[in-house]
1. Past the 27 Å Cα-Cα mark, which pairs from K41/K156; K41/K67; K99/K130; K130/K156; K66/K130; K2/K66?
2. Which of the GluC sites (Glu not before Pro) found in region 29-83 are in a DSSP loop and have at most 12 neighbouring Cβ atoms, other than their own, within 10 Å?
3. May I ask you to give the average projected area over all directions of the convex hull of the Cα atoms of region 86-141, in nm² rounded to one decimal?
4. Region 47-114: percent of C-alpha pairs farther apart than 15 Å?
5. Place a point 7 Å from the Cα of K92 along the Cα-to-Cβ direction; which residues of region 115-153 have their backbone N under 18 Å from it?
6. How large are Rg and Dmax for region 48-159 when calculated on the C-alpha trace, in angstrom?
7. What does the charge count around F141 come to, taking other residues whose C-beta lies under 10 Å from its C-beta (Lys +1, Arg +1, Asp -1, Glu -1)?
8. Over the heavy atoms of R74, what accessible area does a 1.4 Å probe trace out, to the nearest 10 Å²?
Amino acid sequence: MKRIFSVLVENRSGVLSKISGLFARRCYNIDSLVVGETDDKAVSCMTIVSSGDERIMQQIEKQLNKKLDVIKVRTFEEPECISKELLMMRVKYNSTNRKDIIENCAILGAQIVDMSTSAFLIQVCDAPEKVDLFIRMMQPFGISEVARTGTLALPKCVD
């Protein structure tokens, strides 16, 4: 089971180390970790994706809530939130595969954001599963470089 933890923390040095240390000491896995300032510069939001059984997920939430630097912890199951990742990928092309790469980008919603005479720099912002699919689809062309963010998530809007 995967769970997404949205953790509001005080924006000061050492907080990331304390939170990641909590996971390391207890041998909990971090599948993805993203940290950024919120609209309040004194507060950061950590989005942590972790996997394990229900007992482990409950323990993670309890341990996060015990940390002094933690302001608030929210947990989401994947179906109840919108999650996105950003991927940037460099793919070399030649005259025989250039059109196929462009077509794959169009079909999968990727953008070519830069190019040279032999390579495309491609950007994808989508759900983690779609980012994985895009990587698999581009592997036959020869990926030369990949940079990928972790998952960002917010709960779906409800009225």
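1. With Cα atoms farther than 27 Å apart: K66/K130.
2. When the GluC sites (Glu not before Pro) of region 29-83 are filtered for loop state and at most 12 Cβ neighbours within 10 Å, E77 remain.
3. That works out to 3.3 nm², a quarter of the Cα hull's surface.
4. On the way: 1585 of 2278 pairs.
Here the tail beyond 15 Å accounts for 70 percent of pairs.
5. Output list for this probe position: 115-122, 138-147.
6. Rg and Dmax of region 48-159, Cα atoms, are 18.6, 58 Å.
7. That works out to +1.
8. Rounded to the nearest 10, the figure is 90 Å².
The values are calculated or read from the model by the stated rules, or taken from the named source; none is laboratory data. Here the structure is a predicted model, which means the values were calculated and not measured. Because the Cβ atoms are built from the backbone with ideal geometry, glycine has one as well, and the counts that use them run over all protein chains shown. Accessible surface areas use protein heavy atoms only, side chains included; no ligands, DNA or RNA. Shrake-Rupley method; radii C 1.70, N 1.55, O 1.52, S 1.80 Å.
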